[in-house]
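The values are calculated or read from the model by the stated rules, or taken from the named source; none is laboratory data. Please read all numbers here as calculations on a predicted model, not as lab measurements. Cβ placement follows ideal geometry from the backbone for every residue including glycine, while neighbour counts extend to all protein chains displayed. Surface areas here come from the heavy atoms of the whole protein model, side chains and all, with no ligands, DNA or RNA. Shrake-Rupley method; radii C 1.70, N 1.55, O 1.52, S 1.80 Å.
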Amino acid sequence: MASSDTRRYVIVGNGFAGTTAAEQLRKHDPTCEITLFGDEPYPLYNRISLPPMLRKQIPEAKVMIRNIEWHAEHRIDLHLRTRVEKIVPEEKIVIADGKSYPFDALLIATGGRPNPCPAPGATGAENVYNFQYLDDTRAISEKLETAKSAVAIGGSFIAYELAEAFASRGVETHWLIRGPHFLHRMLDDVAGEFVDQAARADGVHMHYGEQAKEFIRDNGIVTKVVTEKGLEIAADCYGFGFGLKMNTEIVEGTGIQTSHNGILCNDHLETSVRDIYAAGDIADFYDPILELRYRMGTWINAGAHGKVAAINMIGGSDKYHDVPEYSSLLFKGQTITQFGLSPDLQPDIKTVRKIDKEKNWYRALYFWQNRLVGGIMLGKGNRAGKRKYTDAIKSKQTFTHSEWGSMLDWTHG
């Protein structure tokens, strides 16, 4: 039985943000009660390890981060396969499975779910897949054991990861992208060309300006996709990535403010309702370094959010203080590193670029009001200087226009 001075914390969502927050709460408040809800049947697993698992580069055991025993050791009351039905802020309770769970502070880390494929014939087909969860990875991997051909659809990182996995498994791979190139809102034509070259070098058939119009089915199995321009591609396996819809339904009617992008919160990750916080993909938060509100769906950002939220849930006053970043391979021959803002988040950004086609290197830096606010690096061995760039972003230092070009050659911190 909890004493009157024992604080009670409830966390909805057991992904990286939620589980990190639970771990930090236990570390900083040894006597507290922590209740953690997850709607999947698994404790925390590493979502960024799902692509290498799909490529059969690592076993499933390497994807799992936490187990049931870890939660018991840390006295975290874990509820899997459980959806929180309602939040009642005025009573400071959440309701799940008809039972009330009181809280002194609540964290919402519900993330998002994949947007469906809108083309007729996709929904419910046995061989058309999202790629977001461990169960998705298992299903696609099993299909690829016998598939001879596959189609990845979308211009997102998810679609890229599918195309890469299909190709790496020796399956004839087609990639349909509606825009002019991969990540067309973030990358310019030159950077897009570098990615195109890497994809084609891995044997991927690239189709730009193409959008799925219809999936042709036979007994519940898609046999081919037809595009708006009339292209027909027959395949055994289809995967798509059209972004995420944030799981904000849980806060409807609570007074917690939302946007089209997620749950609104300040630089302390607190929502519009006191003692209720948001973290990870779901948080449409104010970044005091970049002086902008946005949502950042990266693994690193989720962990950073979990730490900040936990400190503030126990009465601290931490602000989000990291520069968001993301790094990934792009097929066998290319890499990408992105940090800070990009033009898709801040339209009036100014850009300087450096291109070395012999090395397949590309570097772009983004400036806003004469401050460095972000950048992108393509190319193996082209990450030098990243720490110096992120430090400059954190410092909010201004640079004259004449300095911008020389900054492309920064190599160390």
For strands (runs of 3 or more DSSP E) lying entirely in region 301-394, having 2 or more residues that are open to solvent by 20 Å² or more (accessible area, probe 1.4 Å), touching a Phe, Trp or Tyr at 6+ places or on another chain (Cβ under 6 Å) and not polar (S, T, N, Q) picks out 350-356
Open to solvent by 60 Å² or more (accessible area, probe 1.4 Å) and free of Cβ contacts under 8 Å to residues at least 40 places away in the same chain - does that describe any residue in region 31-43?
yes
Exactly one condition in (1) modelled with pLDDT under 95; (2) in contact with a strand residue (DSSP E or B) (Cβ under 6 Å, 6 or more places away or on another chain) is false for residue 184; which is it?
(2)
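Here's the yes/no breakdown for (1) among the polar types (S, T, N, Q); (2) under 17 Å from residue 337 (Cα atoms):
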{"residue": "153", "(1), (2)": "no, no"}
{"residue": "165", "(1), (2)": "no, no"}
{"residue": "168", "(1), (2)": "yes, no"}
{"residue": "174", "(1), (2)": "no, no"}
{"residue": "183", "(1), (2)": "no, yes"}
{"residue": "195", "(1), (2)": "no, yes"}
{"residue": "201", "(1), (2)": "no, no"}
{"residue": "225", "(1), (2)": "no, no"}
If the requirement is being polar (S, T, N, Q) and closer than 30 Å to residue 254 by Cβ, which of these qualifies: 100, 49?
100
Give 201, 167 a once-over and let me know the one that is over 22 Å from the mean Cα position of the chain (by Cα), open to solvent by 30 Å² or more (accessible area, probe 1.4 Å) and closer than 26 Å to residue 58 by Cα.
201
Just one of the numbered conditions (1) free of Cβ contacts under 8 Å to residues at least 12 places away in the same chain; (2) open to solvent by less than 70 Å² (accessible area, probe 1.4 Å) is not true of residue 253; which one?
(2)
If we keep just the residues of region 1-30 that are more than 24 Å from the chain's Cα centre (by Cα) and part of a strand (DSSP E or B), which is surrounded by the fewest Cβ atoms within 10 Å (Cβ to Cβ)?
8
By residue number, the members of region 275-300 that are under 14 Å from residue 111 (Cα atoms), hydrophobic (A, V, I, L, M, F, W, C) and crowded, with 24+ Cβ neighbours inside 10 Å are 278, 279, 282, 283, 285
Can you tell me which of 147, 191, 105 is among the aliphatic types (A, V, I, L, M), farther than 26 Å from residue 56 by Cβ, more than 24 Å from the chain's Cα centre (by Cα) and crowded, with 16+ Cβ neighbours inside 10 Å?
105
Of 269, 264, the only residue that is on the phi > 0 side of the Ramachandran plot and surrounded by 14 or more Cβ atoms within 10 Å (Cβ to Cβ) is 269
Checking the structure you have, find out if any residue of region 68-91 is farther than 30 Å from residue 272 by Cα, outside any strand (DSSP E or B), of a type in the set (Val, Ile, Thr) and free of Cβ contacts under 8 Å to residues at least 12 places away in the same chain.
no
Could you please let me know if residue 306 is modelled with pLDDT of 90 or more and not hydrophobic (A, V, I, L, M, F, W, C)?
yes
Tell me whether region 36-50 contains one or more residues that are of a type in the set (Lys, Arg), part of a loop (DSSP other than H, G, I, E, B) and over 15 Å from residue 312 (Cβ atoms).
no
When you check residue 59 against the structure, is it open to solvent by less than 80 Å² (accessible area, probe 1.4 Å), touching a helix residue (DSSP H, G or I) at 6+ places or on another chain (Cβ under 9 Å), without any contact (Cβ under 8 Å) to a residue 12 or more places away in the chain and not hydrophobic (A, V, I, L, M, F, W, C), yes or no?
yes
Every residue in region 331-360 that is over 23 Å from residue 299 (Cα atoms) and under 25 Å from the mean Cα position of the chain (by Cα), please.
333, 347, 348, 349, 351
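Yes/no matrix, rows are residues, columns are (1) touching a residue at least 40 places away in the same chain (Cβ under 8 Å); (2) open to solvent by 30 Å² or more (accessible area, probe 1.4 Å):
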position	(1), (2)
95	no, yes
109	yes, no
113	yes, yes
131	yes, no
137	yes, no
